Amino acid sequence: MQNLSLDQALTDFLTSLRARNTSVLTRQAYATDIRQFIAWLKETTLVATHVSSVTKADIIEYLSYLSDLGRSGITRARKLASIREFFRYLHDRELIPSSPAASVAIPKKERRAQTYLRPEEYARLLSAAGSNPRDFAILQLFLQTGIRVSELVSLTLSDVDMQNRLLKVSGKGSKERVIPLEKKAIQAIKNYKAVRPESQDVHLFLNYEGQGLSRRGAEKIIEKYRLLSGITKRFSAHSLRHTFGSYKAEQGISPFQLKEWMGHSSISVTQLYVHMGKESSRRAMEQTSL
């Protein structure tokens, strides 16, 4: 077996991810997590410099170190998942006899409350953006389709079928899905397209330089109208996705339909919204008790 350096092994691993057509964001997440682990190894031990020298004890100690830094169980579990995938790749290529991460216990994930907007809150948000067709259309699409911020900024003009009221979305892992558009979203897009600047850029949403809007740009738009609407709690594009999911589940949309619309890889993720919908229904029953 070749005793490959950790740095070279990471380079090879990322190359394999590109070959598997994983998304840029996924590759960036793996690269960040594993580089941090390698950097910690180099600072902590003089021995673990090659793939065959990393032990289970090293990984456990690293997770303990992250805990001491105040990293949440969710963050540590994600770091471990990246490390496991890295060593699984090395084992599959027969560069190590076994993975030192395979039997490391997954850190307990603290349950975090999902942030989402109440009807009166998202009404205020939309009202604040009412005079800006582009920003209003962006907020409507988030709320009416539940798409991810990365999916929204990737939309092109040809992805919107105005006649059939459909939106084609390129999701995680380059998987495409089609989401039906309701009247509010269609009207918002129509109003924006009427004033959209002429540009060679085919992205649906443009910045003020006539180029495709960035993720950061979309997030800044949301923060802008959060402040203008007077909503004090912090929320993000992902919160608007949660708002869509929880509201649809509360209205009785099946988890299987919701899974298709939201582009979840597993029904277990969608079940979160079903649970949130049931909790909301219980609160409504209590609040309207006779």
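Here the Debye sum runs over all C-alpha atoms of region 66-206 as equal scatterers in vacuum, and log10 of I(q)/I(0) at q = 0.12, 0.16, 0.19 Å⁻¹ comes out as -0.72, -0.90, -1.06. Over region 119-287, what portion of Cα pair distances is larger than 27 Å, expressed as a whole percent? Counting pairs separated by more than 27 Å, the tail of P(r) holds 24 percent. For the pair region 56-90 and region 3-26, the centres of their Cα atoms are 18 angstrom apart. Projecting the Cα atoms of 132, 212, 174 onto the dipole axis of the chain, where Lys and Arg carry +1 and Asp and Glu carry -1 at the beta carbon, places 132 farthest toward the positive end. Placing unit charges on the Cβ atoms of the charged side chains and taking the dipole of region 6-92 about its Cα centre, the candidate lying farthest along the positive direction among 23, 87, 41 is 23. Based on DSSP H segments of at least four residues, each scored -39500 (n - 2.57), the chain has a per-residue ellipticity at 222 nm of -18500 deg cm²/dmol.
Scan region 103-191 for trypsin sites (Lys or Arg not before Pro) in coil per DSSP, keeping those whose Cβ has at most 12 other Cβ atoms within 10 Å, and list them by number.
Sites meeting the loop and neighbour criteria: 108, 111, 112, 175.
Centroid-to-centroid, using Cα positions, region 138-162 and region 171-233 are 6 Å apart. Using Cβ point charges alone (K and R +1, D and E -1), the dipole size of the chain about the Cα centre works out to roughly 640 debye.
For region 64-167, applying the loop criterion from DSSP together with a ceiling of 13 other beta carbons within 10 Å to the GluC sites (Glu not before Pro) yields 94, 110. Could you tell me which label, among (i) -0.32, -0.64, -1.11; (ii) -0.19, -0.43, -1.00; (iii) -0.26, -0.58, -1.10, carries the value of log10 I(q)/I(0) by the Debye sum over Cα atoms at q = 0.06, 0.09, 0.14 Å⁻¹ calculated for this structure? Given (i) -0.32, -0.64, -1.11; (ii) -0.19, -0.43, -1.00; (iii) -0.26, -0.58, -1.10, the structure-derived one carries the label (iii). Between residue 183 and residue 168, the modelled labels are 2.7 nm apart [label points 7 Å from Cα along Cα→Cβ]. Principal axis extents of the C-alpha atoms in region 6-92 (largest first, rounded to whole Å): 35, 28, 19.
Each residue of region 249-260 was assigned a 3J(HN,Hα) from its phi angle through the Karplus expression (A = 6.51, B = -1.76, C = 1.60, θ = phi - 60°), giving 5, 4, 7, x, 5, 5, x, 5, 5, 5, 4, 5 Hz with x at Gly and Pro.
Throughout, read-outs are computed from the coordinates displayed, never taken from laboratory work. Nothing here was measured: the structure is a model prediction, and the numbers come from that model. So basically every Cβ, Gly included, is an ideal-geometry build from the backbone, and we count neighbours across all protein chains shown.
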